[in-house]
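What follows is a single structure, written as structure tokens, with notes after it.
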Amino acid sequence: MLQVQLNRENTPKRLTNNHFASNVAIFFRFCAVAAHNAFARGDYTYESGEIHNFFLNVGIISNTVPLDTTMYLTSDAQVRNILIVDDSAFEQRMLVDLLSELPYRVSVAFNGEQGYQLALNSQPDLILLDVRMPNMDGYTCCRLLKANPMTRNIPIIFLSGVDAVEDRIRGLQIGGVDFVSKPFTPGELAARIHVHLNLIQRQPAPQPLPDEPAETDPDMVIVNAAKRLIYDNLAGLPGLAEIAGSVGTYREKLNQLFRSHTGMTVFAFIREARIQRGVQLLRETDMDVQDIALLLGFANAGNFATAFRERMGTTPSSFRTSIVKTCD
């Protein structure tokens with residue numbers, strides 16, 4: 001991996017951010033010519049309203065072994081559609097060049113919001129999704145895709161320079177089928193795409209849920225995405241602003257949507273979700289009440305007991321005892 005630093009102090013003081021960005025773009029084009037198979041990621045420092053330092057990490061993507069394009073035909077020999085969502089035109093070009101050698105049709109989007117809308121309209125067979133993007137990042141885009149009945153079954157491969165273990169786990173938890181780190185080997189990426197496309201062919205066609213509306217309501221998609229985030233993180237939920245941002249909206253809008261579609265505020269919904277999950281654990285497990293309280297995000301068993309009594313009219317221990325007596 002090569003890191004290159006472009007420093008404003010090496011240029012005239014009158015140089016504007018646009019001029020500085022142009023020089024960076026020229027450097028990107030130079031990299032594209034110098035290294036046909038390369039990966040690049042930029043970052044910068046911002047001081048007093050100006051870009052001062054631009055760091056560019058350039059990695060060579062190994063492609064010493066030529067790809068056998070015939071082996072990547074899916075089992076039904078159909079040409080598949082792949083959507084690339086990445087804010088870097090440079091990295092998009094690298095992926096398009098790779099996939100153009102294979103039996104795939106490719107479309108591209110420059111951020112999560114654009115990628116989500118394009119996925120709705122074009123229904124790709126697979127999505128390659130970057131993580132860090134402006135306007136809407138890859139995680140948020142994935143949450144919305146998985147909350148929408150029209151797109152929830154499209155396999156998503158996260159393809160990102162982010163390589164921390166927690167980031168990889170998060171990507172898989174919210175619905176990604178794979179997580180490939182940059183720089184990558186073209187043969188490996190092609191093989192992973194091939195595997196997931198063939199897995200689609202072996203899975204039965206998804207059936208709509210009985211209460212699922214015929215037409216997808218965009219607001220309901222946001223609510224469902226937020227619900228899943230809440231259910232999956234009861235033990236350590238972030239604040240309302242972060243929850244809203246994680247599903248592509250803001251706190252006031254999310255509260256409004258929850259009132260319209262659930263009759264509750266987000267906080268009221270969280271409180272109800274914790275109590276209902278507590279009821280389930282008390283019925284179906286022999287976990288200690290203290291452990292259940294911590295699992296649900298309560299500071300201690302006392303707080304859980306107070307909230308439980310207010311909602312259910314009895315304490316958790318008494319509720320469990322009544323279940324045992326009923327069974328006897």
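Please work out if ALA273 is crowded, with 17+ Cβ neighbours inside 10 Å, in a helix (DSSP H, G or I) and in contact (Cβ under 8 Å) with a residue 40 or more places away in the chain.
In short, yes.
Could we say that ILE323 is assigned to a helix (DSSP H, G or I), in contact with a helix residue (DSSP H, G or I) (Cβ under 9 Å, 6 or more places away or on another chain) and within 19 Å of CYS142 (Cα to Cα) here?
Spelling it out, it is not the case that ILE323 is assigned to a helix (DSSP H, G or I), in contact with a helix residue (DSSP H, G or I) (Cβ under 9 Å, 6 or more places away or on another chain) and within 19 Å of CYS142 (Cα to Cα).
It is to be established whether one or more residues within region 157-164 are modelled with pLDDT of 95 or more, under 24 Å from LEU296 (Cβ atoms) and among the β-branched types (Val, Ile, Thr).
no
Taking the condition touching a residue at least 24 places away in the same chain (Cβ under 8 Å), under 18 Å from ASP219 (Cα atoms) and surrounded by 23 or more Cβ atoms within 10 Å (Cβ to Cβ), does LEU145 pass?
Here the answer is yes, as LEU145 does meet what is asked.
I'd like the full set of residues that are in contact with a Pro (Cβ under 7 Å, 6 or more places away or on another chain) and of a type in the set (A, V, I, L, M, F, W, C), limited to region 250-291.
If the condition is that a residue be in contact with a Pro (Cβ under 7 Å, 6 or more places away or on another chain) and of a type in the set (A, V, I, L, M, F, W, C), then LEU282, VAL289 are the ones that fit.
In the set LEU294, LEU282, which member is within 28 Å of GLY175 (Cβ to Cβ) and either part of a helix (DSSP H, G or I) or within 25 Å of the chain's Cα centre (by Cα) (or both)?
Only one candidate qualifies: LEU294.
The values are calculated or read from the model by the stated rules, or taken from the named source; none is laboratory data. Because the structure is a prediction, the values reported are computed rather than measured. When we count neighbours, we look across all protein chains shown, and the Cβ atoms used for this are built from the backbone with ideal geometry, even at glycine.
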